[in-house]
Structures are given as C-alpha cells and as structure tokens.
Amino acid sequence: MHTINNSPSTPLFGRKQFLKAALPSYFAPWITPGLPAYFMGNEELLRASYTSIAIPSLLATIICFFILAYFQRKQIFLLHRFRMVFLLGIPMILLALLLVYLLNLEAYTFDIVLSAFIGTAIVTLTNPLQKIAV
C-alpha cells in the first residue's frame, strides 16, 4: 500500500483512469476471440466475442471502478491489489451467474463468468487503492 499526497490535480479515479480501465476490458475480450473467428469464418464465435464475452467484462469493470473509487474516497478496504481482485471478483461472479439465470443464457455461462472476472481483475490491478496522506 502506497501513501500519496491528496492532490486534486491528479485524481486516482477520474475520467482518464476510467477510460484506461474500460477500453481494454471491452476491446481485449472482443479482439482476442474475434479476430481468429473472423479469419476462420466462425460467425457464432465472432458474435459471442462482442456480446457474451466483451460486455460482461465491461460491465464488471464499470461496477468495480465505482466501487474502488468509493473505497478510495472513504479510505476503507485498502487491501493489496491481488486480495482486492478476489474480494471484488467473487461478487462479480455471483452477479454474472445471476444475470445468466435471469436472461436464460446458460449456454454462455463460462464465457460470461470468466469475462466478468477478467474485467474485475483489469480494473483492480490497474487502479490500486492508496492511503491518502493528510
């Protein structure tokens, strides 16, 4: 855990940091299976790459980003990055399973759950919580 000065000119969870976390969490899961699917002509995998694979990752990233921003602002749960991945990863997996059940997407359970966890890991590892020096 690092200590930083509370400087308003460098927000830890600002718009730039949000985009830095959100863009890779959508495009990486989309491009990784999407490019091979395109070249192999696999329409089902191509469609899944930008829906059931990339969207859960993005949603988990957005939710976790705002949770982490809240934790940072309130200075609570200032845990190491890897512990925070699992602390937030478990609820995101449960949320993903709930959405699978509610939206009747059992065929994509593995894709959705894994993508949600990957999105959680991306945002948590790229936005560590830090103790603010007063």
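All of the numbers you see were taken from the coordinates with simple rules; none came from a lab. Keep in mind it's a predicted model, so treat the numbers as computed, not measured. Methodologically, a virtual Cβ is constructed for each residue, glycine included, from the backbone with ideal geometry; neighbour enumeration extends over all protein chains shown.
Summary of values
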| read-out | value |
| --- | --- |
| Output for segment 14-62, where each listed residue is in contact with a helix residue (DSSP H, G or I) (Cβ under 6 Å, 6 or more places away or on another chain) and aliphatic (A, V, I, L, M) | A21, A22, A37, L45, L46, I53, A54, L58, A60 |
| Among (1) among the aliphatic types (A, V, I, L, M); (2) free of Cβ contacts under 8 Å to residues at least 24 places away in the same chain; (3) surrounded by 15 or more Cβ atoms within 10 Å (Cβ to Cβ), the one test that L94 misses | (3) |
| Within segment 97-123, tally of residues that are assigned to a helix (DSSP H, G or I) and over 21 Å from F18 (Cβ atoms) | 15 |
| Scan of segment 54-96 for residues that are part of a loop (DSSP other than H, G, I, E, B) and among the hydrophobic types (A, V, I, L, M, F, W, C), ordered by number | I76, F77, L78, L79 |
| Residues satisfying the stated conditions in segment 97-134, i.e. more than 17 Å from the chain's Cα centre (by Cα) and in contact (Cβ under 8 Å) with a residue 40 or more places away in the chain | L105, Y108, Q130, K131, I132, A133, V134 |
| Filtered residue count, segment 35-77, keeping only those that are farther than 19 Å from L114 by Cα and surrounded by 16 or more Cβ atoms within 10 Å (Cβ to Cβ) | 5 |
| Yes/no for L78 being free of Cβ contacts under 8 Å to residues at least 12 places away in the same chain and over 12 Å from the mean Cα position of the chain (by Cα) | no |
